[in-house]
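The values are calculated or read from the model by the stated rules, or taken from the named source; none is laboratory data. All values reported here derive from a predicted model rather than from experimental measurement. Note: ideal-geometry Cβ built from the backbone for every residue, glycine included; neighbour counts use all protein chains shown. Protein only, heavy atoms only, side chains kept; ligands, DNA and RNA dropped before computing areas. Shrake-Rupley method; radii C 1.70, N 1.55, O 1.52, S 1.80 Å.
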Amino acid sequence: MAMHVPKSYFQNMMKEGTKHLSGMHEAVFSNLEACTELYKTIKTCYGPKGLNKMVINHLSKLFVTNDAATIIKELEVQHPAAKMIVLASQQQEAECGDGTNFVMILAGSLLEKAIDLLECGLSPSEVIKGYEMASEKCLEILETLVCHTVKDVKNKEAVLPIVKTAVGSKQDGYEDFLAELISEACSKIMPTQRTFNVDHVRSCKILGSGVLSSTCLQGMVFKRNVESDITLVKDAKIAVYSCPFDIGTTETKGTVLIKTAEELKNFSVDEEKLIENSVKALADIGITCVVSGGKVGEMMLHFANKFNIMVVRLMSKWDLRRLCKSINATALPNMSPPTLRRLGSVAWFSLRRSVIPLSCLSDKPEKNQPCQPSSSGVVQTTSWRYRACNR
């Protein structure tokens, strides 16, 4: 009969199947090796000449990318020590928007050297103390290595070299052209009294031509055609609706018995008058453009053309929210005339013909005309149209 070997007190507290590792070789080295394996996987993606990785996630979706943030997000790392490096890189992504690969390579290189130090006989506490001393020394040296300082972030020429270094690792060969576009877009909307919001710079990808045909526009661009016959509005007053631009329908079905031709002729007269009065009420308060988050009724569109009101339909609720924030408007949930404080305003709303119709909303109607800051508290938004070859 085999002897019963009791479990340790620590394992009795944990659930069945829990592993308890202790000692230098079981705990420390296994954690370090897990971190270095993750680092070796990512380091070949570093730089403008970095290799792409093919990742297939749990949904069998294929990713081919050299972006470390995307790779570690789809890998779903479970090892607790390696997960700490992943969390550090994710924090870097949240703070700066870039540098995730650098954080993982730096941490992996330090841990790889730590394995050699531990094998030489040093204790983990001694290695940690040495790295802390090295960190303090690095911070002292970094202060003397400053090569460029930006004093005015609204100055495009001063910001351009900084942006070029960030773009160069992602778009090798196009960094000069793209850095100038990005610097122009960011410097125009840089606030003076609050932090910069990256959501105020939007990119619109258009098929056809090439990257060097990309342009920057002071305003917003939507890859949508206008619904109405009106394609250009100056000094527009905009009403935004999150509901369909149409009259409401009844929830129950009804049957109408029509006996004469006169009854058939007068059947829809009241409905037409109701729709006309609704659109006329919008025109009476000066509305020249309506943006809807739902479908646009044919009868409503007919009377909108009659009263010279531009109608634009946006299918994305996120685009609708960004539009409201840009023009300082409030999205209305029902078809009622808005009050003046809920209306938005913009200098220029037009349709631009290209391979894909573009609805452009801008405070800068003429080329090379500087955009003046809005006095009504409207958030400035910049969009740049990114052209790509359709091959």
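A DSSP coil position with no more than 16 other Cβ atoms inside 10 Å describes the following trypsin sites (Lys or Arg not before Pro) in segment 194-287: Arg194, Lys223, Lys253, Lys259. Expressed as a whole percent, the accessible surface of segment 146-188 that belongs to carbon and sulfur atoms is 55, based on a 1.4 Å probe. Rolling a 1.4 Å probe over the heavy atoms of the protein chains gives segment 122-252 an accessible area of 64 Å² per residue. Using the Cβ-Cβ distance between Thr231 and Leu207 with R0 set to 25 Å, the FRET efficiency from 1/(1 + (r/R0)^6) comes to roughly 0.70.
Ranking Ser125, Ala114, Ser89 by how far each Cα lies toward the positive end of the dipole of segment 75-167 (charges on Cβ) leaves Ser89 at the top.
The listed residues Ser89, Ser316 rank as Ser316, Ser89 when sorted by accessible area, largest first, using a 1.4 Å probe.
Amide H to amide H, with H built 1.01 Å from N, Leu332 comes under 5 Å of Val240, Tyr241, Ser242, counting only residues 5 or more places away or on other chains.
Sorting Leu111, Leu323 by accessible area puts them as Leu111, Leu323; the probe is 1.4 Å, largest comes first, and only protein heavy atoms count.
Leaving out ligands, DNA and RNA, what percent of the accessible area of segment 261-354 is carbon and sulfur, probe 1.4 Å? Of the solvent-accessible surface of segment 261-354, carbon and sulfur hold 52 percent.
When the chymotrypsin sites (Phe, Trp or Tyr not before Pro) in segment 195-264 are filtered for DSSP coil states and for at most 12 other beta-carbon atoms within 10 Å of their beta-carbon, the remaining sites are Phe196. When you filter the trypsin sites (Lys or Arg not before Pro) in segment 55-110 for DSSP loop state and at most 12 other Cβ atoms inside 10 Å of their Cβ, you are left with Lys61.
When only the Cβ of Lys, Arg, Asp and Glu is charged (+1, +1, -1, -1), the dipole of segment 190-278 relative to its Cα centre reaches about 640 debye. A simple count of charges around Gln91, restricted to other residues whose Cβ falls under 14 Å of its Cβ and scoring Lys, Arg +1 and Asp, Glu -1, yields -1.
One decimal place: the segment Glu263-Leu145 gains 33.8 nm when fully extended, by the rule 0.36 nm per residue minus the C-alpha distance.
Contact order, relative form, for segment 162-293: 27 percent (alpha carbon pairs under 8 Å, 6 or more residues apart, mean separation divided by residue count).
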